[in-house]
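J.: Mind looking over this structure? Questions follow.
The values are calculated or read from the model by the stated rules, or taken from the named source; none is laboratory data. Remember, it's a predicted structure, so these values are computed and weren't measured experimentally. Counting neighbours? That spans all protein chains shown, and the Cβs are built from the backbone with ideal geometry, glycine included. To get the accessible areas, we keep the full protein, side chains included, count just its heavy atoms, and leave off ligands, DNA and RNA. Shrake-Rupley method; radii C 1.70, N 1.55, O 1.52, S 1.80 Å.
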Amino acid sequence: MIWGLVHAAAGVLIIAGTTTAGFRAIADGVDPATLTTDYHPAVGAILNQHAWNLLWGGLVTIIGAGFIWRENMTAIWVTAMVGGRLDIGYFACLDLGGFVMFFPGTLMTIVSASAVILSAPVWFARRNVRSAQFFPDCLKRFGREVGKDKHGKAANPPTQLMILREPVPINAHKKRCTPACG
């Protein structure tokens, strides 16, 4: 969430500002006097495209944080892919190049990497729990108890699998309708 807020705000500030101010904000480890020049408009457009990527990447990770809070395992991967991939480029080009100061740039890279690394064990631990809960939940939706067949008798696992393959009418309580009647 913090990473997303910082990067979305940076994207907005860079787009709203001048090209010189944008380069000064990003490359804060460089003497600001060396970045004061008249840049070609194409350079400003490239910088704004970078800022746009920061903005949407930040928004995706903010939204993803909400889904992760609600224990959505897919959100862990989506958020890690977006935030992690954006920070790999930053780390390779700016951190290793020595163009940024530790705060906020390098610190945000560490936060991002920590979030990705710490989320992986959670996902691996929860993925088996989720899949194990899927089939009982499906049975409950069709009005059947786990471990019982459609007549309420105890069922062995092969019978439970056969229950899942039974055709279930979608609108059993409604009048049958053909595609022509809408």
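J.: Specify which of the listed residues (Ile110, Ile117, Ile46) is closer than 21 Å to Thr20 by Cα and free of Cβ contacts under 8 Å to residues at least 12 places away in the same chain.
T.: Residue meeting the stated conditions: Ile46.
J.: Sticking with this structure for a sec: Limited to region 55-103, what total is found for residues that are on the phi > 0 side of the Ramachandran plot and open to solvent by 90 Å² or more (accessible area, probe 1.4 Å)? Break it down stepwise before answering.
T.: Kept after step one, since they are on the phi > 0 side of the Ramachandran plot, are these residues of region 55-103: 71, 98.
Now drop any that are not open to solvent by 90 Å² or more (accessible area, probe 1.4 Å), which leaves 71.
Matching residues across region 55-103 total 1.
J.: I need every pair where a residue in region 68-86 that is of a type in the set (Ser, Thr, Tyr) has its Cβ under 6 Å from the Cβ of a residue that is open to solvent by less than 60 Å² (accessible area, probe 1.4 Å), sequence separation at least 6 or different chains.
T.: Between residues of region 68-86 that are of a type in the set (Ser, Thr, Tyr) and residues that are open to solvent by less than 60 Å² (accessible area, probe 1.4 Å), the close pairs are Thr79/Thr61; Thr79/Gly64.
J.: Restrict the check to region 28-35 and report whether at least one residue is touching a residue at least 12 places away in the same chain (Cβ under 8 Å) and open to solvent by 70 Å² or more (accessible area, probe 1.4 Å). Break it down into steps so the answer makes sense when it comes.
T.: Filtering region 28-35 down to residues touching a residue at least 12 places away in the same chain (Cβ under 8 Å) leaves 28-30, 35.
Still in the running and open to solvent by 70 Å² or more (accessible area, probe 1.4 Å): none.
Looking for residues that are touching a residue at least 12 places away in the same chain (Cβ under 8 Å) and open to solvent by 70 Å² or more (accessible area, probe 1.4 Å), one finds none in region 28-35, hence no.
J.: On to the next question. So Leu13 ticks every box in (1) open to solvent by less than 80 Å² (accessible area, probe 1.4 Å); (2) assigned to a helix (DSSP H, G or I); (3) in contact with a helix residue (DSSP H, G or I) (Cβ under 9 Å, 6 or more places away or on another chain) but one. Which box is left unticked?
T.: Going through the list (1) open to solvent by less than 80 Å² (accessible area, probe 1.4 Å); (2) assigned to a helix (DSSP H, G or I); (3) in contact with a helix residue (DSSP H, G or I) (Cβ under 9 Å, 6 or more places away or on another chain), Leu13 breaks only (1).
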